[in-house]
Amino acid sequence: MRLLFVGDIVGRSGRTALIHRLPALRARWRLDFVVVNGENAAGGFGITETICEEVLAAGADAITLGNHAFDQREALVFIERQPRLIRPANYPSGTPGRGANVFEAANGARVLVINLLGRVFMDALDDPFQRIEQELGACPLGVGCDAAIVDFHAEATSEKMAYGHSFDGQVSLVVGTHTHCPSADHQVLPGGTAFQSDAGMCGDYDSVIGMAKEGAASRFWRKMPGERLAPADGEVTVCGTFVETDDATGLARRIEPIRQGGRLSQAMPKV
Ligand SMILES: [Fe+2]
Ligand SMILES: [Fe+2]
């Protein structure tokens, strides 16, 4: 199977670019399944139902979230009727929505998508290591699903690498999100799980992690309230990762980073 994971969409510029480019990428690479992180899609903070529908209509099969999952409070309501929107699985029990789901891909295969939050330099939450074991126990790769994609939304690279190694051989892909900066450590781990500690973002990199640089930078050196943070609106780099899996095992054959458009050096998979 051919899978695409796209990092955090930031604001209007990020989502407009992705919605515009995704149909062509999907066709060109003959993608079977696409996951997009949408936690910053609405003005940098959360996601609305309208935006969620637009991203799905552009060719995403599932949308994952992160620490900004419920910044738009309407998400607390519409997530219950939108099975393709996945919030972190290690939120407290009783949180609306679901932390994992199985979807049918374009080729008929079953794809498990799980979203978890890390705990290093993040809010205290349930243990993401224990939490995913429940999901994988209920839906093992090769038995309950043909591919498994894990979005581990976390700050610390160490925690992300530890996570990848801990579940190496049990899932197709462990990809990090949240830092908005694409890492260059993409690899197929020894057990067959594709890994990249951060997918990067869909946003303007002439910014501070996607937000307009003047307001965002002054927060680090002034102790006065400044301008409201707003997404940068220049040319967008669509960042993500491309993974090809083995149909027999569901494990990864290769992983390649994607950086398309905007200011970052360009990277596209050879398909
Ligand atoms: Fe983010
Ligand atoms: Fe985040």
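Quick notes
- Selected residue (only one of 132, 114 is assigned to a helix (DSSP H, G or I) and either surrounded by 20 or more Cβ atoms within 10 Å (Cβ to Cβ) or not aliphatic (A, V, I, L, M) (or both)): 132
- If only residues of the range 170-189 that are within 16 Å of ligand 2 (Cβ to nearest atom) and not in a loop (DSSP other than H, G, I, E, B) are counted, the one that is nearest to the chain's Cα centre (by Cα) is 177.
- For residue 195, the conditions (1) open to solvent by less than 10 Å² (accessible area, probe 1.4 Å); (2) assigned to a loop (DSSP other than H, G, I, E, B); (3) of a type in the set (Phe, Trp, Tyr) all hold with the exception of (2).
- Residue selected from the range 167-183 under the condition away from ligand 1 (no atom under 16 Å from the Cβ) and touching a strand residue (DSSP E or B) at 6+ places or on another chain (Cβ under 7 Å), by the criterion most open to solvent (accessible area, probe 1.4 Å): 170
- Filtering the range 157-166 for residues that are in contact with a Pro (Cβ under 8 Å, 6 or more places away or on another chain), closer than 18 Å to residue 5 by Cα, open to solvent by less than 40 Å² (accessible area, probe 1.4 Å) and assigned to a helix (DSSP H, G or I) leaves a non-empty set.
- Counting only residues that are in a loop (DSSP other than H, G, I, E, B), more than 16 Å from residue 7 (Cα to Cα) and open to solvent by less than 40 Å² (accessible area, probe 1.4 Å), the range 247-268 holds 2 of them.
- Of the residues contained in the range 30-52, one or more are found to be among the charged types (D, E, K, R) and within 13 Å of ligand 1 (Cβ to nearest atom).
The values are calculated or read from the model by the stated rules, or taken from the named source; none is laboratory data. These numbers were taken from a predicted model, which means no experiment stands behind them. For neighbour counting, all protein chains shown are included, and Cβ atoms are generated from backbone atoms with ideal geometry for every residue, glycine included. For the accessible areas, the whole protein counts, side chains as well, though only heavy atoms, and no ligand, DNA or RNA atoms are used. Shrake-Rupley method; radii C 1.70, N 1.55, O 1.52, S 1.80 Å.
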